[in-house]
There are 2 protein chains.
Amino acid sequence: MTPRQMIFTALPGMPMIHAGDDLGQLILEGLAQAGIVLENGDVLILAQKIVSKAEGREVRLEQVRPSEEACSLAARSGKDPRLVELILRESRKILRQRGELIIVEHRLGFICANAGIDRSNVGAQETGGDARVLLLPEDPDASAARIRRRLKKASGAEIGVLIIDSHGRAWRRGTVGVCIGVAGFPALQDLRGRPDLFGRRLEITQVGLADEIAAGASALMGQADEGVPVIHLRGLPYPLRDASLAEILRPEKEDLFR
Amino acid sequence: MTPRQMIFTALPGMPMIHAGDDLGQLILEGLAQAGIVLENGDVLILAQKIVSKAEGREVRLEQVRPSEEACSLAARSGKDPRLVELILRESRKILRQRGELIIVEHRLGFICANAGIDRSNVGAQETGGDARVLLLPEDPDASAARIRRRLKKASGAEIGVLIIDSHGRAWRRGTVGVCIGVAGFPALQDLRGRPDLFGRRLEITQVGLADEIAAGASALMGQADEGVPVIHLRGLPYPLRDASLAEILRPEKEDLFR
């Protein structure tokens with residue numbers, strides 16, 4: 001018997017992404033270069049940055065006029081008031097602020113630092129020193145669904161698509177890859193009712209599968225100069241299904257740590 | 001150029017584990033059955049349950065005498081007072097309790113529900129209805145180091161070993177695999193000082209690599225009747241080094257969500 005495997009493959013040859021680029025086409029070319037023919041059950045995991053860039057979510061800081069609230073929070077946190085203005089616009093509320101750290105509930109529903117706004121890997125040099133930052137995609141579930149349709153149309157395969165970012169977390173040091181957008185993938189995998197080895201019902205009933213796969217893929221992506229923004233996964237040991245990110249987000253009233 | 005891959009393989013043929021079993025030997029047999037010859041840089045990821053069982057960490061509830069504090073918390077949470085007594089003994093403090101949920105700071109330093117004590121997959125039937133529970137290993141870093149030495153002696157390869165469990169988390173639904181013991185693996189991978197694509201210093205500086213790999217491996221392990229407790233990983237894109245779990249645990253004074 002062949003042992004069960006999950007194989008994460010970093011797609012080679014992904015170019016620098018710009019607004020308007022056809023990500024689906026670039027992914028298809030990367031797959032071809034890796035010698036991968038998509039099959040039913042395969043999953044593609046995309047770094048948030050390339051989705052945001054392709055969707056034109058870069059913002060020039062010089063075009064942002066900070067509010068009074070942003071200026072006040074900027075003073076307390078030592079951040080650029082224009083960046084803080086964008087953080088506020090992208091957030092439902094500020095949960096914590098200490099020093100430079102601003103933890104928010106993002107308008108998309110998850111908790112993260114700086115509303116997921118990124119200054120790294122956005123080319124200021126490219127634009128003659130005009131500082132830019134990158135917002136998260138407007139609607140990452142919809143972005144994932146678009147790319148999924150595109151790849152299905154080209155390949156005929158039923159695949160899942162995850163868009164992931166790196167988040168800090170409570171209690172533990174270091175960022176980990178987490179899912180911020182999903183299409184055709186069981187974000188939360190329900191094990192309720194499945195018996196354990198001794199026939200009892202399992203106490204652990206729901207697995208954050210989208211985040212487990214996001215984390216594994218993130219380890220292969222890296223984040224710096226050698227970063228690879230698209231990972232192909234074969235061998236997920238669960239069937240794919242339709243889902244949205246909402247199912248993995250804990251509502252505030254259920255949350256003991258917000 | 002061959003694309004970069006991470007390959008997780010579920011070791012076949014692992015038997016039910018009992019106190020005193022030689023886990024290292026069983027892993028070597030599983031590797032042989034999977035046709036894997038260990039190489040430098042490989043990682044083995046072990047479910048906490050088999051380490052705990054091999055180390056005899058099962059406790060018979062009938063032998064536990066609950067304290068007054070345990071009885072009081074048991075009444076509030078609707079749990080067995082003897083189980084609550086064990087949770088208290090294994091914890092530094094209770095962080096939250098709501099309904100059946102008891103979130104603690106474990107004596108090992110991490111935050112988890114029920115002190116990681118598990119009733120699933122511990123065979124009550126095996127023992128004529130004598131209810132047992134399974135505590136976490138006494139010192140998971142030491143357990144990982146012992147198994148690492150054993151495998152290195154047999155194979156000559158420099159490998160990493162992770163012991164993992166499934167934890168709930170703040171803000172998000174579903175459990176994810178996290179590392180609770182580590183040997184020879186960079187628990188926290190420091191990216192500080194590495195330039196990003198445009199030569200700026202990265203803002204995200206530390207990756208919770210042990211937890212990313214734990215999460216990926218956990219997705220392949222599953223947790224129910226088909227559970228596979230040992231995963232082999234080839235292709236980790238970072239060098240191995242000595243480490244302990246402590247480096248990935250956020251001290252209380254740095255933690256905004258405790």
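Anything in segment B:147-168 that is in contact with a strand residue (DSSP E or B) (Cβ under 8 Å, 6 or more places away or on another chain) and not aliphatic (A, V, I, L, M)? List them, or say none. Listed by number, the residues that qualify are B:ARG148, B:GLY160, B:ASP165, B:SER166, B:HIS167, B:GLY168. Set side by side, the residues A:LEU151, A:LEU162 differ, and just one is part of a helix (DSSP H, G or I) and aliphatic (A, V, I, L, M), which is A:LEU151.
Considering only segment B:1-25, state which residues are over 24 Å from A:LEU233 (Cα atoms), surrounded by 16 or more Cβ atoms within 10 Å (Cβ to Cβ) and free of Cβ contacts under 8 Å to residues at least 60 places away in the same chain. Passing the criteria: only B:ASP21. Of A:LEU151, A:LEU135, all but one fail to be at pLDDT 95 or above and surrounded by fewer than 21 Cβ atoms within 10 Å (Cβ to Cβ); the exception is A:LEU135.
Could you look through segment B:1-27, keep only residues that are in contact with a Ser or Thr (Cβ under 8 Å, 6 or more places away or on another chain) and not polar (S, T, N, Q), and pick out the one that is nearest to B:GLY227 (Cα to Cα)? Residue satisfying both the conditions and the ranking: B:ARG4. Only residues that are farther than 23 Å from B:PRO239 by Cα and under 19 Å from the mean Cα position of the chain (by Cα) were counted across segment B:26-46, and they come to 1. Considering only residues that are more than 22 Å from A:LEU236 (Cα to Cα) and not in a strand (DSSP E or B), which ones fall in segment A:132-148? Passing the criteria: A:LEU135, A:LEU136, A:PRO137, A:GLU138, A:ASP139, A:ALA142. Take the conditions in contact with a Leu (Cβ under 8 Å, 6 or more places away or on another chain) and without any contact (Cβ under 8 Å) to a residue 60 or more places away in the chain and apply them to A:SER52. Does it pass? For A:SER52, the condition - in contact with a Leu (Cβ under 8 Å, 6 or more places away or on another chain) and without any contact (Cβ under 8 Å) to a residue 60 or more places away in the chain - is not met. The strands (runs of 3 or more DSSP E) found entirely in segment A:1-79 that carry 1 or more residues being more than 13 Å from chain B (Cβ to nearest Cβ) are A:43-47, A:58-60. Suppose the filter is touching a residue at least 12 places away in the same chain (Cβ under 8 Å), farther than 25 Å from A:ALA19 by Cα and in contact with a strand residue (DSSP E or B) (Cβ under 7 Å, 6 or more places away or on another chain); does A:LEU101 pass it? Criteria met by A:LEU101. So is B:LEU28 modelled with pLDDT of 95 or more, among the hydrophobic types (A, V, I, L, M, F, W, C) and surrounded by fewer than 19 Cβ atoms within 10 Å (Cβ to Cβ) or not? Considered against the rule, which asks whether it is modelled with pLDDT of 95 or more, among the hydrophobic types (A, V, I, L, M, F, W, C) and surrounded by fewer than 19 Cβ atoms within 10 Å (Cβ to Cβ), B:LEU28 comes out as yes. Restricting A:LEU191, A:LEU245, A:LEU202 to residues that are more than 23 Å from B:PRO237 (Cα to Cα), modelled with pLDDT of 85 or more and either touching a Gly at 6+ places or on another chain (Cβ under 9 Å) or more than 7 Å from every other protein chain (Cβ to nearest Cβ) (or both) narrows the list to A:LEU245. Acidic (Asp, Glu) and more than 16 Å from the chain's Cα centre (by Cα) - does that describe any residue in segment A:113-120? Among the residues of segment A:113-120, not one is acidic (Asp, Glu) and more than 16 Å from the chain's Cα centre (by Cα), which makes the answer no.
The values are calculated or read from the model by the stated rules, or taken from the named source; none is laboratory data. The structure presented is a predicted model; accordingly, all values stated were derived computationally and were not measured. As a convention, Cβ positions derive from the backbone with ideal geometry for all residues, glycine included, and neighbour counts pool all protein chains shown.
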